[in-house]
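**Student:** Questions regarding the structure given below will be posed in turn.
The values are calculated or read from the model by the stated rules, or taken from the named source; none is laboratory data. Since we're looking at a predicted model, the values are computed, not measured. Glycine also receives a Cβ, built like all others from the backbone with ideal geometry; neighbour counts cover every protein chain displayed. Note: areas computed on protein heavy atoms with side chains; ligands, DNA, RNA excluded. Shrake-Rupley method; radii C 1.70, N 1.55, O 1.52, S 1.80 Å.
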Amino acid sequence: MSNEITQVKGCEFTTDELQRFHHYYKYDWAAAGLVSAPVSKRIQHFVETVDPGIDSNRLQEWLHTMGIVEESEKSEQARLYERFEHFDFAAAVGFNQMLADVYATDDVSKHGVGERMDQAKAQYYSDNIEPLVYSEYKEYKEVNAPKPVCPYQDLWDPKGADKESADTNKFANVRTIDIAKLLDPDNVDVLTIGAINLFIDAAKTAYDQKYFAVAVVNSRCNGPEPMFLPALSSTGDCPATLKAAMRLQIELRNLNKTKPLVFFANGVVDTSTLGILMSTVDIVTSEMFCVSIGSVSQSSQKFPLSALYDWAHLSNHQAKVSKGTAEYIMCSPDLVLRSAEWSTLGLGIGFVSHRKFASGMEQILLAASCPPPHTRDALRKACAVESVYSGPSKINVWEQEILKYFAPLADGKTVLELADELRAVKAPWAEKYVVFANAKESNNVAKARVAGMQRVRGMEYSQALALELSAAIAWAAGTTEETKLFSRNIPSLSDLLSENTHATPEPQRNGALQSEVAGECPFAKMYRKNPERFKHVNLGSIADHHSLDL
């Protein structure tokens, strides 16, 4: 039996040779001090110190087929195209002005966008650096494309394999906020008041007109379970922490109205900080992304009411979400939301594999450098190009059960009534809910979440935030009864936040606390500014009133 690999046309090297060549290819040249050494010197070093039995002539022949040759052997044309390919277009002055044409069509296929991007780069390079004809470059690349010399080449030399981290500093028109740099070095596992205030300050600098977009990243997202957005600190002044987090959420939402705000969530997000993440739907995730939102998780029991308004209005997002889905998520005892579920719910715009996350991030940030008014469109199209299928969702398979048992929770059914119904189902999935419904802590979490969503659905945005904040403060103080958490007599949001003097909203852009809440009723605005003016009005009867269907 022949030991030659014949699966790939043109491969004339034996298995033993390929194994040795792969070893050469993956050798740590930096440790040997030969990163910039010529090929001949590398081969000499490898033969003398690593593998004396390797055939240096055959190795050189294999390297030729891979397109790896001595600098002196390269033609002037090859050197020109190498200079072009290594040119840093992200830092090139004026190149971002050409990006609008790259993303101007509805064709968001990787090939289509890649072709237009290469043409734009070639035009810029030829006009500003040195002459280059794109058609000749493309023809040269097709003729000189390396031959496939190993059937497993994509495993040991994957094209587009990622660098360790994205170089975000070269995108001058994108304000990058690195969560890792905001955290307390002695307490990186939680989001303290100090870290939140630094986040707010960083967000305020992003209003500068030189920034076309804002990117939130975490350069410490590494390891088997990387943390992207840690938990709110539950020690010290908990109400002050909750208020600071609410201020940050408002700041980010206001910022997102003026320019695209994108989160590159390549890690775990704690349930308590979901309101911060959900300040935008421009969220790019990887397989490392997850949120343990189940009612038995420790974080859910400390801070169960984050992003109530967003969950209550889940159907407002682009995805088709069945009624009761939010209630199913909020009541689930041990549900972990991953990228597949996040995408299904319409809460994100892209999924990039962890292995290619840094390079994908750079491509998306390059698109985010496109000047307004095309920035958001270019960014989202770039996300579509870089994204791959995130896998099947664990939520969709339960659609019938969601509609039958959980949808009525949106209309007033209680968690206790749900538990009674599920006891009669006698199925493993239903029994799991019943077990946790009998547990006091998880039962209180589910009841508070459902009651909170029922209340905020009838409120405008600032009222809902005020209710969420006051309930979160009461919960942190030990109150778990939903009737006390969501009483009708709650202060206005501006009054709740007025005790915290840090990051006081600036009138010209933070009017959401005073006059610029999107979709806010004018009378609600007047009530927030002067509640005494409406003390003679029965607000309860107004809240229960339904408009006539004319």
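**Student:** Condition first: without any contact (Cβ under 8 Å) to a residue 40 or more places away in the chain and open to solvent by less than 20 Å² (accessible area, probe 1.4 Å). Can you find one or more residues in segment 308-319 that meet it?
**Tutor:** Yes, segment 308-319 contains a residue that is without any contact (Cβ under 8 Å) to a residue 40 or more places away in the chain and open to solvent by less than 20 Å² (accessible area, probe 1.4 Å).
**Student:** Further, regarding this structure: Kindly provide the set of residues from segment 455-469 that are open to solvent by 20 Å² or more (accessible area, probe 1.4 Å) and of a type outside the set (A, V, I, L, M, F, W, C), ordered by number.
**Tutor:** Correct list: 455, 457, 458, 460, 461, 463.
Let's see how each residue does on (1) closer than 24 Å to residue 13 by Cβ; (2) open to solvent by 90 Å² or more (accessible area, probe 1.4 Å); (3) of a type in the set (Asp, Glu):
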| residue | (1), (2), (3) |
| --- | --- |
| 48 | yes, yes, yes |
| 54 | yes, no, no |
| 58 | yes, no, no |
| 61 | yes, no, yes |
| 66 | yes, no, no |
| 77 | no, no, no |
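**Student:** Moving to a separate point now. Could you list all residues from segment 398-420 that are within 22 Å of residue 482 (Cα to Cα), open to solvent by less than 80 Å² (accessible area, probe 1.4 Å) and out of contact with any Pro (no Cβ under 9 Å at 6 or more places or on another chain)?
**Tutor:** 405, 406, 407, 408, 409, 410, 412, 413, 414, 415, 419
**Student:** So, in segment 66-120, exactly how many residues are of a type in the set (Lys, Arg) and in contact (Cβ under 8 Å) with a residue 12 or more places away in the chain?
**Tutor:** Number of matching residues: 3.
**Student:** Another one. Kindly evaluate residue 360 against the criterion of being open to solvent by less than 50 Å² (accessible area, probe 1.4 Å), in contact (Cβ under 8 Å) with a residue 24 or more places away in the chain, within 30 Å of residue 404 (Cα to Cα) and among the small types (Gly, Ala, Ser).
**Tutor:** no
**Student:** Mind listing whichever residues of segment 455-467 are under 10 Å from residue 309 (Cα atoms) and either of a type in the set (A, V, I, L, M, F, W, C) or modelled with pLDDT of 95 or more (or both)?
**Tutor:** Within segment 455-467, 456, 459, 464, 465, 467 meet the criteria.
**Student:** Of everything in segment 314-368, what is under 14 Å from the mean Cα position of the chain (by Cα), hydrophobic (A, V, I, L, M, F, W, C) and within 30 Å of residue 210 (Cα to Cα)? Give them in sequence order.
**Tutor:** 347, 349, 351, 352, 357, 358, 361, 364, 365
**Student:** Looking at segment 224-233, is at least one residue modelled with pLDDT under 90, out of contact with any Phe, Trp or Tyr (no Cβ under 6 Å at 6 or more places or on another chain), open to solvent by 20 Å² or more (accessible area, probe 1.4 Å) and in a loop (DSSP other than H, G, I, E, B)?
**Tutor:** So far as segment 224-233 goes, yes, one or more of its residues are modelled with pLDDT under 90, out of contact with any Phe, Trp or Tyr (no Cβ under 6 Å at 6 or more places or on another chain), open to solvent by 20 Å² or more (accessible area, probe 1.4 Å) and in a loop (DSSP other than H, G, I, E, B).
**Student:** Out of everything in segment 284-307 that is assigned to a strand (DSSP E or B) and surrounded by fewer than 20 Cβ atoms within 10 Å (Cβ to Cβ), what residue ends up being modelled with the highest pLDDT?
**Tutor:** Here the answer is 290.
**Student:** Let me ask something additional. Identify, from the list 262, 281, 216, the residue that is surrounded by fewer than 20 Cβ atoms within 10 Å (Cβ to Cβ), under 19 Å from the mean Cα position of the chain (by Cα) and of a type in the set (Val, Ile, Thr).
**Tutor:** 281
**Student:** Another question, then. Of the residues 371, 408, 392, only one is at pLDDT 90 or above and in a helix (DSSP H, G or I); which?
**Tutor:** 408
**Student:** In segment 19-46, which residues are without any contact (Cβ under 8 Å) to a residue 40 or more places away in the chain, assigned to a helix (DSSP H, G or I) and open to solvent by less than 90 Å² (accessible area, probe 1.4 Å)?
**Tutor:** Result: 20, 24, 39, 40, 42, 43, 45, 46.
**Student:** Then there's this: Given the structure, is residue 452 open to solvent by less than 10 Å² (accessible area, probe 1.4 Å) and modelled with pLDDT of 90 or more?
**Tutor:** When the stated conditions are applied, residue 452 passes them.
**Student:** Among the residues of segment 313-334, is any in contact with a strand residue (DSSP E or B) (Cβ under 7 Å, 6 or more places away or on another chain) and not in a helix (DSSP H, G or I)?
**Tutor:** For segment 313-334, residues in contact with a strand residue (DSSP E or B) (Cβ under 7 Å, 6 or more places away or on another chain) and not in a helix (DSSP H, G or I): absent.
**Student:** Tell me, yes or no, whether segment 237-256 has at least one residue that is within 24 Å of residue 165 (Cα to Cα) and open to solvent by less than 10 Å² (accessible area, probe 1.4 Å).
**Tutor:** No.
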